[in-house]
Amino acid sequence: MNVLVLNCGSSSLKFAVIDPDTSVEHVSGIAQRLGSPEASLDVKRNGTKSTRPIPGALHDEALHGVVDALKELGLADGLLAVGHRVVHGGSKFAGSMAITPEVVAKMEECIPLGPLHNPPNLVGIRIAQSLFPDLLQVGVFDTAFHQTMPPVAYTYPVPFEWLEKHSVRRYGFHGTSHRFVAREALRLAGLPADDHAIVTAHLGNGCSAAAIRNGKSVDTTMGLTPLEGLMMGTRCGSIDPAIIGHVADATGKSAKEILDSLNKKSGLLGVSGLSNDMRTVEEAASNGNDRAKLALDIFCYVLAKTIAALVVPLGRLDALVFTGGIGENSTTVRAMTLGRLGFLGLALDEAANAKHGRAQHGRITTGTKPQALVVPTNEELMIAEDAAQIARGA
Ligand code: ADP
């Protein structure tokens with residue numbers, strides 16, 4: 001039986017129909033630019049993509065369009081459950097949950113922590129409940145996997161009442177991806193389930209790394225929000241917070257405007273001045289563009305430094321995993337990062353590094369301990385598996 005996986009963003013809706021038992025994805029797609037005259041619905045099946053315009057459509061109409069497409073493909077009937085990606089579960093969710101009115105109420109309480117992401121996630125849940133009233137809906141949270149972090153890893157050294165009164169602590173994100181690739185890495189590297197130490201690096205438009213000990217996240221780089229940690233496409237990652245006050249004084253801008261620049265105009269885009277897209281930055285760097293070279297250098301330097309820091313909570317390193325659009329595809333980023341981590345015993349296998357990518361997973365280092373691996377992520381499959389497990393146990 002198949003699971004419908006939904007990921008509702010502010011102006012987009014991603015979907016997939018997946019058989020969690022065989023890992024087969026029957027169809028996937030995205031409705032984007034919702035609310036604009038250019039809104040469209042892409043449906044991908046067997047390697048071919050069809051696009052239909054849905055001008056002015058909002059999430060409701062887009063999801064009706066998805067259901068129509070599923071009906072045409074004979075995939076709308078016999079679904080086992082609907083799995084929803086939910087970005088911020090705060091401290092309220094340590095695992096995936098069947099969605100009940102109480103769970104929705106708790107998700108609503110998490111809106112102040114994820115003001116941009118949680119409201120559209122909830123919109124998707126409400127529409128799916130009305131379209132599939134007989135199906136179990138399951139929430140899968142980006143933050144849940146990191147709820148195993150100990151207080152020493154999640155507590156910020158700020159006034160303690162900020163934690164007690166305003167829930168200011170590190171939560172971490174990309175949990176579904178870190179969980180999936182760590183599981184795959186165990187299998188690929190032949191590591192025991194009850195004794196392993198892995199660092200996973202999810203490098204997409206957003207980037208985060210996690211330290212995973214025996215299947216549990218013990219530390220991660222993103223914090224209260226996805227702005228902390230590694231350098232990203234448009235986000236700065238960790239910086240001196242006093243920069244905000246300094247730039248506010250110097251420019252007259254508000255903290256909100258400056259935070260907007262730290263989220264949308266920093267990272268690869270900010271330093272290179274060219275693009276948030278790693279392919280563009282790498283190409284410009286290889287053509288001699290100094291700022292693109294600097295952006296690429298900082299990206300790999302911060303990543304390597306952070307990976308080394310994450311070995312502290314682990315006490316040792318068995319495997320380092322690269323995933324996400326950059327982690328899976330950029331031989332350059334992997335080579336430059338590993339080039340700084342030789343002291344951990346990681347030695348790049350250039351031929352393997354050139355070979356591995358989105359289509360092929362595996363080891364890219366020469367030794368066996370520790371090893372670095374490329375593992376393509378599949379958050380949708382993980383959501384489908386969680387939803388199926390809960391539906392079958394329910
Ligand atoms: P998202 O986080 O939105 O899911 P992805 O995981 O697809 O995004 O990652 C997008 C990033 O992957 C972009 O920076 C893009 O440039 C990068 N990327 C994709 N293919 C390559 C490649 N061949 N070489 C370098 N970077 C790549």
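Just one of the numbered conditions (1) within 16 Å of the ligand (Cβ to nearest atom); (2) touching a residue at least 40 places away in the same chain (Cβ under 8 Å); (3) not small (G, A, S) is not true of L310: (1). For segment 49-66, the set of residues classified as in contact (Cβ under 8 Å) with a residue 24 or more places away in the chain and surrounded by fewer than 17 Cβ atoms within 10 Å (Cβ to Cβ) consists of L58, D60, H64, listed by residue number.
I'd like to know if segment 183-193 contains one or more residues that are open to solvent by less than 10 Å² (accessible area, probe 1.4 Å) and over 24 Å from V302 (Cβ atoms). There is no residue in segment 183-193 that is open to solvent by less than 10 Å² (accessible area, probe 1.4 Å) and over 24 Å from V302 (Cβ atoms). All of N46, N7, N118, N2 fail the test of being open to solvent by 70 Å² or more (accessible area, probe 1.4 Å) and either within 19 Å of the chain's Cα centre (by Cα) or not β-branched (V, I, T) (or both), apart from N46. The set of residues from segment 313-354 being touching a His at 6+ places or on another chain (Cβ under 7 Å) and within 15 Å of the ligand (Cβ to nearest atom) comprises T323, G324, G327.
Residues that are basic (K, R) and within 16 Å of the ligand (Cβ to nearest atom) occur at least once in segment 355-362.
Total residues in segment 7-62 satisfying the condition of being small (G, A, S), in a strand (DSSP E or B) and more than 18 Å from G124 (Cα to Cα): the figure is 1.
Taking the listed residues S12, S36, S23, the one that is over 21 Å from the mean Cα position of the chain (by Cα), polar (S, T, N, Q) and open to solvent by 10 Å² or more (accessible area, probe 1.4 Å) is S36, with no other qualifying. The set of residues in segment 298-334 that are in a helix (DSSP H, G or I), in contact with a strand residue (DSSP E or B) (Cβ under 8 Å, 6 or more places away or on another chain), crowded, with 23+ Cβ neighbours inside 10 Å and of a type in the set (A, V, I, L, M, F, W, C) comprises L303, I307, L310, I326.
Residues in segment 367-391 that are modelled with pLDDT of 95 or more and open to solvent by 80 Å² or more (accessible area, probe 1.4 Å): 1 in all. Scanning segment 312-330 for residues that are more than 20 Å from the chain's Cα centre (by Cα) and either farther than 15 Å from R363 by Cβ or hydroxyl-bearing (S, T, Y) (or both) yields V312, P313, L314, G315, R316. Of G237, G233, G206, all but one fail to be in contact with a Phe, Trp or Tyr (Cβ under 8 Å, 6 or more places away or on another chain) and within 16 Å of the ligand (Cβ to nearest atom); the exception is G206. Looking across segment 363-375 at every residue that is within 29 Å of T143 (Cβ to Cβ) and touching a Gly at 6+ places or on another chain (Cβ under 8 Å), the one that is nearest to the ligand (Cβ to nearest atom) is identified as V374. For segment 78-90, a residue qualifies if it is in contact with a helix residue (DSSP H, G or I) (Cβ under 7 Å, 6 or more places away or on another chain) and not in a strand (DSSP E or B), and the qualifying residues are V87, H88, G89. Filtering segment 276-297 to residues that are more than 9 Å from the ligand (Cβ to nearest atom), open to solvent by less than 60 Å² (accessible area, probe 1.4 Å) and in a helix (DSSP H, G or I) leaves A284, A285, A292, A295, L296.
Within the span defined as segment 329-343, every residue fails to be under 15 Å from I198 (Cα atoms) and among the small types (G, A, S). For the subset of segment 91-115 comprising residues that are farther than 21 Å from L224 by Cβ and in a helix (DSSP H, G or I), which member is least open to solvent (accessible area, probe 1.4 Å)? Among them, the one singled out is V103.
Here L75 meets each of (1) closer than 20 Å to L122 by Cα; (2) open to solvent by 10 Å² or more (accessible area, probe 1.4 Å); (3) aliphatic (A, V, I, L, M) with one exception, condition (1).
The values are calculated or read from the model by the stated rules, or taken from the named source; none is laboratory data. In this text, all values refer to a predicted model and were calculated from it rather than measured experimentally. Cβ: placed from backbone, ideal geometry, glycine included. Neighbour counts: every protein chain shown. Please note that ligands, DNA and RNA were not included when accessible areas were found on the heavy atoms of the full protein model with its side chains. Shrake-Rupley method; radii C 1.70, N 1.55, O 1.52, S 1.80 Å.
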